[in-house]
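Peer 1: The structure that follows is given in the form of structure tokens.
The values are calculated or read from the model by the stated rules, or taken from the named source; none is laboratory data. Small disclaimer: the values here were computed from a predicted structure and weren't measured. As a convention, Cβ positions derive from the backbone with ideal geometry for all residues, glycine included, and neighbour counts pool all protein chains shown. SASA here: full protein model, heavy atoms, side chains in, ligands and nucleic acids out. Shrake-Rupley method; radii C 1.70, N 1.55, O 1.52, S 1.80 Å.
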Amino acid sequence: QVHLVESGGGLVQAGGSLRLACGASGRTFSTTGWFRQAPGWEREFLAAITWTEATTYNADSAVKGRFTISRDKDKNTVYLQMDSLKPEDTAIYYCAQKNRMNVYDNWGQGTQVTVSS
């Protein structure tokens, strides 16, 4: 199974930007998604991208219009560009890949994002 590792998290002031990366240990043709989970909240789907770079965003999420997903096939990496960050974006951010049953079953360990006011 391909191993996923998130990076790019950290502490940023409100209004700032971060770019998260989800690196895969090998080439994969799977759809990759980004999720987040804040303390006391359920895990939230943010966005996904297919191998052909079709994207899907959670239209009901507060990140709509501020976060952008992309991928670099040569680097086996999927990115999440996060702009205009707000304190409520503070969470652990995870990437995950879908299996052949269209279920996210391969998860990274997560990266912490903290936005200060």
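Peer 1: Can you pull out the residues in the stretch 12-24 that are in contact with a Gly (Cβ under 7 Å, 6 or more places away or on another chain) and either more than 12 Å from VAL78 (Cβ to Cβ) or open to solvent by less than 70 Å² (accessible area, probe 1.4 Å) (or both)?
Peer 2: Within the stretch 12-24, LEU18, LEU20, ALA21, CYS22 meet the criteria.
Conditions (1) crowded, with 18+ Cβ neighbours inside 10 Å; (2) modelled with pLDDT of 95 or more; (3) out of contact with any Asp or Glu (no Cβ under 9 Å at 6 or more places or on another chain), marked per residue:
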{"position": "GLY10", "(1), (2), (3)": "no, yes, yes"}
{"position": "GLY26", "(1), (2), (3)": "no, no, yes"}
{"position": "ALA38", "(1), (2), (3)": "no, yes, no"}
{"position": "LEU46", "(1), (2), (3)": "yes, yes, yes"}
{"position": "LYS86", "(1), (2), (3)": "no, yes, yes"}
{"position": "TYR104", "(1), (2), (3)": "yes, yes, yes"}
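Peer 1: Same structure, new question: Check off (1) under 28 Å from GLU88 (Cβ atoms); (2) touching a strand residue (DSSP E or B) at 6+ places or on another chain (Cβ under 9 Å) for GLY40 and give me the number that stays unchecked.
Peer 2: Looking at each condition in turn, GLY40 falls short on (2).
Peer 1: Please tell me if VAL115 is in contact (Cβ under 8 Å) with a residue 12 or more places away in the chain, aliphatic (A, V, I, L, M) and in a loop (DSSP other than H, G, I, E, B).
Peer 2: It is false that VAL115 is in contact (Cβ under 8 Å) with a residue 12 or more places away in the chain, aliphatic (A, V, I, L, M) and in a loop (DSSP other than H, G, I, E, B).
Peer 1: In addition: Show the residue pairs that are 6+ apart or on different chains and have beta-carbon atoms under 6 Å apart, the first residue being within the stretch 33-56 and of a type in the set (Phe, Trp, Tyr), the second being open to solvent by 50 Å² or more (accessible area, probe 1.4 Å) and at pLDDT 95 or above.
Peer 2: Going by the 6 Å Cβ cut-off, the qualifying pairs are PHE35/ARG43; PHE35/PHE45.
Peer 1: Right, another one. Which of the residues spanning the stretch 88-102 are under 16 Å from PHE29 (Cβ atoms), open to solvent by less than 70 Å² (accessible area, probe 1.4 Å) and part of a loop (DSSP other than H, G, I, E, B)?
Peer 2: ASN99
Peer 1: Continuing with this model, one more query. Taking SER70 as the residue in question, decide whether it is open to solvent by 20 Å² or more (accessible area, probe 1.4 Å) and in contact (Cβ under 8 Å) with a residue 40 or more places away in the chain.
Peer 2: no
Peer 1: Could you check the stretch 51-62 and list, in sequence order, the residues that are open to solvent by less than 40 Å² (accessible area, probe 1.4 Å) and either of a type in the set (Ser, Thr, Tyr) or closer than 18 Å to SER116 by Cβ (or both)?
Peer 2: SER61
Peer 1: Filter the stretch 73-84 down to residues that are within 25 Å of VAL2 (Cα to Cα) and either free of Cβ contacts under 8 Å to residues at least 40 places away in the same chain or open to solvent by 10 Å² or more (accessible area, probe 1.4 Å) (or both), then give me how many there are.
Peer 2: 7
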